[in-house]
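Below: one structure, written as structure tokens.
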Amino acid sequence: MQVDALNPLEKRTAISLSLVFALRMLGLFMIMPVFAIYGQDLVGYSPMWVGLAIGAYGLTQALLQIPAGMLSDKFGRRPVIYFGLFIFAMGSLVAGFSESVYGVTAGRALQGAGAIASAVLALAADVTREEQRPKVMGMIGVSIGLAFAVSMVAGPMLAPIIGLQGLFFITALGALAGIAIVHFMVPHIVSKAPRGETVAIPALLGALAKDPQLLRLNLGIFILHMALTAMFIALPLQLQTMQLAPEIHWHLYLPALLFSFLLMVPMLIIAAKKELNRQFYLFSILLMAVSLLAMALTEHSLLIMFFCVLLYFTAFNFLEASLPAFISMLSPAGAKGSAMGIYSTYQFLGAFSGGILGGLSYKLLGNSGLFIFLACLMLIWFFISWGMQNPSKIRTHTLTASIDDEPHATQLTEQLITLDGVLEVVIIIEEQTVYIKVDNKIFTLQTAKQILAIS
């Protein structure tokens, strides 16, 4: 077996947890392209409440994401995941049985309370080797992108047949299926990855929240998801006014998403190979601004609107895939779990804020005004991001070692920090873990392993 390949247990873990993530995100995303239209029969319907209903999950998700990860560290990953998926299913049923927009909003908030993302990622880290962990996390990340793409098609296709209620019931079944997948498919291995890799550590949160490089990225994911939620308050209604019947909105979404993936993948490959991550990142933000501005100016041509949506999703998919990788690269050694916890909190707060902001903007400015407002937000994001470091070369390696005491840890730190390419070394004696943040172009991992082996 190749040492650089996933072993059978890791493959099972990656596939099963990707399915769990995908089922959950499919349920959260599926109403986005249809709620503004099919929610009009609900008591209390208004653009403001459309935004709140779409984004409500973000508030509870943001508030509970870090605590849920910490609880999984204390009580175990699986109990937290089971409970979170059960709460998610209950929220789906509350929304499905509601006849008012207020009840749907409450159900969506309850869905978000099943905040399992941190626990799922921590479980994935527990069951995989350190050198294979990025591949497993990447597969989970891809599953989220695919879930979003499927939801953009499935929502408009299914809503005319089964209505909003049916969509919520399917979501509840998906959550219950997720419980079964975790129980029967994810390997039952008693193992735990270092805490710094997986869950947030309270003592680190304050300093990480102020880190200028991480703050740029956190504000980026906040704006990205705020704009996404707000856009889907206006876009379905705009398509309807352009004589595209709601039941065939997927005719526009499906090809736009498929072509966007075809355009996005080469961008990711070129950015990584040519070390142009920062340049492509900034370009994608501007591309989103241009596409939103063009949406504001497109009132009659469905072909032009298709190209606007295509450009938007190309940029969105690139940024959605890049941002967590950048957080992982730029976070201090031994603090990836905490940095990702803060990042996720910003992400879900963005979704919630986008619901409120989108509803208000649509009411005050109309469709075109909302798109122009979001384009301006993209330009603000561009200027915030201008000072970002290029994360192309930076990596953090997590190694285990036999560390006797503090003097021994100090000795190892002094030896490792002198190696070519090493930027930072953090040793956690209690966990027998060594974190090394490096310039991957000139760092030799084998040399570090030899130092730890003979120490």
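None of the figures in this text is laboratory data; all of them are computed from the coordinates on show. This structure is a prediction, so every number in the text was calculated from the model and none was measured. Here Cβ is always computed from backbone atoms with ideal geometry, including for glycine, and neighbour counts include all displayed protein chains.
Per residue, the average separation of C-alpha pairs within less than 8 Å and at least 6 apart gives the chain a relative contact order of 22 percent.
Exposure proxy for Val127, Val34: other Cβ atoms within 10 Å of each Cβ, ordered fewest to most, give Val127, Val34.
Under 5 Å from the amide H of Ile201 lie the amide H atoms of Ser338, each residue being 5 or more positions distant or on a separate chain, with H modelled from the backbone and absent for Pro and chain starts. Amide H contacts of Leu423: Lys437, Val438, Asp439, each under 5 Å away and 5 or more positions distant or on a separate chain (H built 1.01 Å from N in the peptide plane; Pro and chain starts excluded). The phi-based Karplus calculation (6.51 cos²θ - 1.76 cosθ + 1.60; θ = phi - 60°) puts the 3J(HN,Hα) values of segment 391-407 at x, 4, 8, 8, 9, 10, 9, 10, 10, 9, 7, 8, 10, 6, 7, 5, x Hz, whole numbers, x for Gly and Pro. Taking the number of Cβ atoms within 10 Å of each Cβ as an exposure proxy, the fewest-first ranking of Cys376, Cys308 is Cys376, Cys308. In order along segment 338-348, the phi-based Karplus estimate (6.51 cos²θ - 1.76 cosθ + 1.60, θ = phi - 60°) of 3J(HN,Hα) comes to 5, 5, 5, x, 5, 4, 5, 4, 4, 4, 6 Hz; Gly and Pro are listed as x.
Applying 0.36 nm per residue to the separation of Gln279 and Leu365 and subtracting their alpha-carbon distance, the gain on full extension is 27.7 nm.
Ranked by how many other Cβ atoms sit within 10 Å of their own Cβ, fewest first, the residues Met378, Met139, Met226 fall in the order Met139, Met378, Met226. Rounding to the nearest 10 and keeping the result within 0 to 90°, find how far the Cα-based axis of helix 212-241 lies from the longest principal axis of the chain. Roughly 20 degrees between the two axes.
Going Cα to Cα from Lys336, which lysines come in below 30 Å? Please leave out same-chain ones fewer than 8 positions away. In chain and number order, the partners are Lys11, Lys74, Lys135, Lys192, Lys210, Lys273, Lys274, Lys393, Lys437, Lys441, Lys449.
Each of His225, Ile417, Leu445 was scored by the projection of its Cα onto the charge dipole of the chain, and the greatest displacement toward the positive side belongs to His225; charges sit on the C-beta of Lys, Arg, Asp and Glu. Along segment 145-155 the Karplus relation, 6.51 cos²θ - 1.76 cosθ + 1.60 evaluated at θ = phi - 60°, assigns HN-Hα couplings of x, 5, 4, 4, 4, 5, 5, 5, 9, 5, x Hz to successive residues, with x for each Gly and Pro.
Given +1 at the Cβ of Lys and Arg, -1 at the Cβ of Asp and Glu and no other charges, the dipole of segment 401-454 around its Cα centre is 340 debye to the nearest 20. When you filter the chymotrypsin sites (Phe, Trp or Tyr not before Pro) in segment 309-351 for DSSP loop state and at most 14 other Cβ atoms inside 10 Å of their Cβ, nothing is left.
Using only Cα atoms, tell me the angle between helix 277-297 and the longest principal axis of the chain; keep it within 0 to 90° and round to the nearest 10. The angle comes out near 10 degrees. Check Ile394: other-chain or 5+ apart residues with amide H under 5 Å from its amide H, H built from backbone geometry? Under 5 Å from the amide H of Ile394 lie the amide H atoms of Asn440, each far enough along the sequence or on another chain.
In the chain, the calculated helix contribution to ellipticity at 222 nm averages -26000 deg cm²/dmol per residue, counting -39,500 (n - 2.57) for every DSSP H run with n ≥ 4. Between 0 and 90 degrees, the angle of helix 117-126 with respect to the longest Cα principal axis of the chain falls at about 30 degrees.
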